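Asks: The structure under discussion is supplied below as structure tokens; questions concerning it will follow.
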Amino acid sequence: MVGGGDHGDNIIHRMAMDDPIPWYKKPNLRRMYLLLFPCVIGIEMTSGFDSQIINAAQLLPHWKTYFGNPTGAYNGILASALPLGSVIGLPLIPLVNDTFGRRWCIMFGSCVMVVGTIIQGFSFNGPMYIIARGIIGFGLPYAIVAGSCLIGELGYPKERPILTSLFNACYFIGAIIAAGSTFGTQQIDNDWSWRIPSLLQMAPSLLQITFVFFLPESPRYLMSKDRFEEAKEVLITYHAEGNPNSEFVQAEIVEIKTTLEIELEHSKRSWRDLVATAGMRRRVIIGSFLGLFTQLSGNVVISYFLGDVLKLIGYTDPIFQSEYNLGNQCWSLVCGVSAALVVMRFRRRTMYLTGIFSILAVYVAWTICTAVFIANKSAVAAKMSLFWIYAYSPAYNLCFNALTYTYLIEIFPYSQRARGIAIFQFWGKAAQFFGTNVNPIGTQAIGWKYLLVYCCWIAFEAVVIWFLWPETSGRSLEELAFLFENREDYALRATNAVAKTVLHVEDMDKEAKV
């Protein structure tokens, strides 16, 4: 354990992993997981939908004509209005999330997004379209922060990393629907060719509004509000299939309760806590860099400006661009789900480092092929560029897509989890705003050489991950609460409470010495 040694033997994690009954054979847990998809895991579909609305809309003649053939900075602000709205809305998210609960925070964000989507679909000029996208962006992080917390805090420990990894993979479901619907509406010879896909963006939010209150509230949130019996009932129902005598749930309750008591004893539940200790400062640095890396690893170029990239290598036909884009989103969904399903098989650092070095290799190869095409008009180089764009997806999904929320939930303790994910969202949306404004200008100004900038930046990311990222796999959320703190008494207090409940041992430290 970074900073404080490894305390105990990870009792909760070991008990969960030793459970021989799969989730699909547990009726209550199965029902909860099936509900998690439409009302929580599907939240990121809105983000994916949005990236393709802008990407695919730029291929629609009526969208271009209606908004005055946007290029450069104007094109950038049309795309970046959403992350700008997200940055504005972030400061109040932890207050709503920790005061009213995860479900109400999701409901609030989803309602705001529906309003923004309606305005977007019926926009009559550029400024109205930009404002509408800003409103969608304002609501989106409320749902994302609360949803990612709820998944991590409701999931059975055995499946929690997979659930939080699937959260990001749903991005591509939204992207596929947006790319597919826009491809279909190309045949409509009027403004409804872009208005219909714009209105469809509210679909994930409507699912969340409809289903979110069918889910239980986070037991950790309930315990933090002294609603102990409600929290206990949630854990018994879903983690023990209604068995109040389950040893696992008894241990889980004791660990959560003890860890929350320790956290809240030493936390003022304010933004100042994020910089109060060296451990929290390191968490903030990692969360901030992770926000930057998820949006500045070259993915925005492909997600929002694929048309411009394809033009660089001679593919200017809108039909081909749309088909290639749709195919890329389907391939990305396969890669995203596959990466999420193997997250339990590998250590976190291994996946991050493999992913980032793969991204670097892909970007270098793509840059070389694009440069060769521009210099020699080589058809082979153009086709190889198409291959490397597709090769980017498994590399990116292996680390930044599969692990982002899994890792964030693991490194931030409950008392600062919402603020930590909000910090990540701030830097992620700020980077997205920067990228969507700068990318069209950069590709116009220096063409293929703009890809060299990303090659250098991705190399910097690899260095940061190598030296800064700790290992978090194989532990419960409560055990990870003291990941960076050199406080053996805090960790041992929680471990002893679990050991006393499960192993009937009074003091794990004394027992180990014996």
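The values are calculated or read from the model by the stated rules, or taken from the named source; none is laboratory data. Not measured: the values here are computed from a predicted model. Note that we place each Cβ from the backbone using ideal geometry, even for glycine, and neighbour counts take in every protein chain shown. Note: accessible area is taken over every heavy atom of the protein model, side chains too, but ligands, DNA and RNA are not part of it. Shrake-Rupley method; radii C 1.70, N 1.55, O 1.52, S 1.80 Å.
Asks: Checking LEU310 against (1) under 25 Å from the mean Cα position of the chain (by Cα); (2) open to solvent by less than 20 Å² (accessible area, probe 1.4 Å); (3) of a type in the set (A, V, I, L, M), which test does it fail?
Replies: (1)
Asks: Given the criterion of a type in the set (Val, Ile, Thr) and open to solvent by 30 Å² or more (accessible area, probe 1.4 Å), identify the matching residue among ILE136, ILE162.
Replies: On the way: ILE136 fails: open to solvent by 30 Å² or more (accessible area, probe 1.4 Å).
The match here is ILE162.
Asks: Residue under question is LEU90, and the condition is that it be over 30 Å from PRO70 (Cβ atoms), open to solvent by less than 10 Å² (accessible area, probe 1.4 Å) and of a type in the set (A, V, I, L, M, F, W, C); does it hold?
Replies: Judged against the criteria, LEU90 is not a match.
Asks: Can you tell me which of (1) part of a helix (DSSP H, G or I); (2) modelled with pLDDT under 90 is the one SER267 doesn't meet?
Replies: Here SER267 clears every test but (1).
Asks: Let me ask something else about it. Please tell me if LEU260 is open to solvent by less than 20 Å² (accessible area, probe 1.4 Å), part of a helix (DSSP H, G or I) and modelled with pLDDT of 90 or more.
Replies: Numbers: open to solvent by less than 20 Å² (accessible area, probe 1.4 Å): yes; part of a helix (DSSP H, G or I): yes; modelled with pLDDT of 90 or more: no.
No.
Asks: So, in region 466-476, how many residues would count as being open to solvent by less than 70 Å² (accessible area, probe 1.4 Å) and under 18 Å from TYR396 (Cα atoms)? Working first, answer last.
Replies: Filtering region 466-476 for residues open to solvent by less than 70 Å² (accessible area, probe 1.4 Å) gives 468-476.
Narrowing further to those that are under 18 Å from TYR396 (Cα atoms): 469.
Residues that pass the stated criteria total 1.
Asks: In this structure, does LEU200 turn out to be open to solvent by 40 Å² or more (accessible area, probe 1.4 Å) and under 28 Å from the mean Cα position of the chain (by Cα)?
Replies: Spelling it out, LEU200 is indeed open to solvent by 40 Å² or more (accessible area, probe 1.4 Å) and under 28 Å from the mean Cα position of the chain (by Cα).
Asks: What's the number of the condition ALA169 fails, among (1) of a type in the set (A, V, I, L, M, F, W, C); (2) out of contact with any Phe, Trp or Tyr (no Cβ under 9 Å at 6 or more places or on another chain); (3) farther than 30 Å from MET344 by Cβ?
Replies: (3)
Asks: Within the set of pairs 6 or more residues apart or between chains, which connect a residue that is more than 19 Å from CYS455 (Cβ to Cβ) inside region 346-359 to a residue that is open to solvent by 10 Å² or more (accessible area, probe 1.4 Å) and assigned to a helix (DSSP H, G or I) with Cβ atoms less than 7 Å apart?
Replies: Filtered contacts from region 346-359: MET351/LEU398.
Asks: For PHE305, which of the numbered conditions (1) surrounded by 21 or more Cβ atoms within 10 Å (Cβ to Cβ); (2) more than 23 Å from ALA430 (Cα to Cα) fails to hold?
Replies: Here PHE305 clears every test but (2).
Asks: Mind listing whichever residues of region 49-69 are at pLDDT 80 or above and within 20 Å of the chain's Cα centre (by Cα)?
Replies: Answer for region 49-69, where residues must be at pLDDT 80 or above and within 20 Å of the chain's Cα centre (by Cα): PHE49, ASP50.
Asks: Which one of VAL463, VAL453 is aliphatic (A, V, I, L, M), open to solvent by 50 Å² or more (accessible area, probe 1.4 Å), without any contact (Cβ under 8 Å) to a residue 60 or more places away in the chain and closer than 30 Å to THR164 by Cα?
Replies: Numbers: VAL453 fails: closer than 30 Å to THR164 by Cα.
Residue meeting the stated conditions: VAL463.
Asks: Can you find a residue in region 429-444 that is more than 27 Å from THR71 (Cβ to Cβ), part of a helix (DSSP H, G or I) and open to solvent by less than 20 Å² (accessible area, probe 1.4 Å)? If you could, list the steps in order and put the result at the bottom.
Replies: Taking region 429-444 first, the residues more than 27 Å from THR71 (Cβ to Cβ) are none.
No: region 429-444 contains no residue that is more than 27 Å from THR71 (Cβ to Cβ), part of a helix (DSSP H, G or I) and open to solvent by less than 20 Å² (accessible area, probe 1.4 Å).
Asks: I would also like to ask the following. Let me spell it out: the conditions are (1) modelled with pLDDT of 90 or more; (2) farther than 30 Å from ALA16 by Cβ, and PRO197 meets all of them except one. Which number is the exception?
Replies: Condition not satisfied by PRO197: (1).
Asks: If I filter region 210-229 for residues that are part of a loop (DSSP other than H, G, I, E, B) and basic (Lys, Arg), do I get at least one hit?
Replies: So the first thing to find is which residues in region 210-229 are part of a loop (DSSP other than H, G, I, E, B), and the list is 215-218, 225-227.
Retained after the next criterion (residues that are basic (Lys, Arg)): 225, 227.
Yes, region 210-229 contains at least one residue that is part of a loop (DSSP other than H, G, I, E, B) and basic (Lys, Arg).
Asks: Looking only at helices (runs of 4 or more DSSP H) that fall completely inside region 337-425, which ones have 3 or more residues that are open to solvent by 10 Å² or more (accessible area, probe 1.4 Å)?
Replies: So the answer is 348-376, 379-396.
Asks: Is it the case, given these coordinates, that LEU222 is in contact with a Gly (Cβ under 9 Å, 6 or more places away or on another chain), closer than 24 Å to VAL96 by Cβ and aliphatic (A, V, I, L, M)?
Replies: Judged against the criteria, LEU222 is a match.
Quick grid of which residues meet (1) modelled with pLDDT of 90 or more; (2) among the charged types (D, E, K, R); (3) within 22 Å of the chain's Cα centre (by Cα); (4) at negative phi:
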| residue | (1), (2), (3), (4) |
| --- | --- |
| LEU386 | yes, no, no, yes |
| ILE409 | no, no, yes, yes |
| TYR454 | yes, no, yes, yes |
| TRP457 | yes, no, yes, yes |
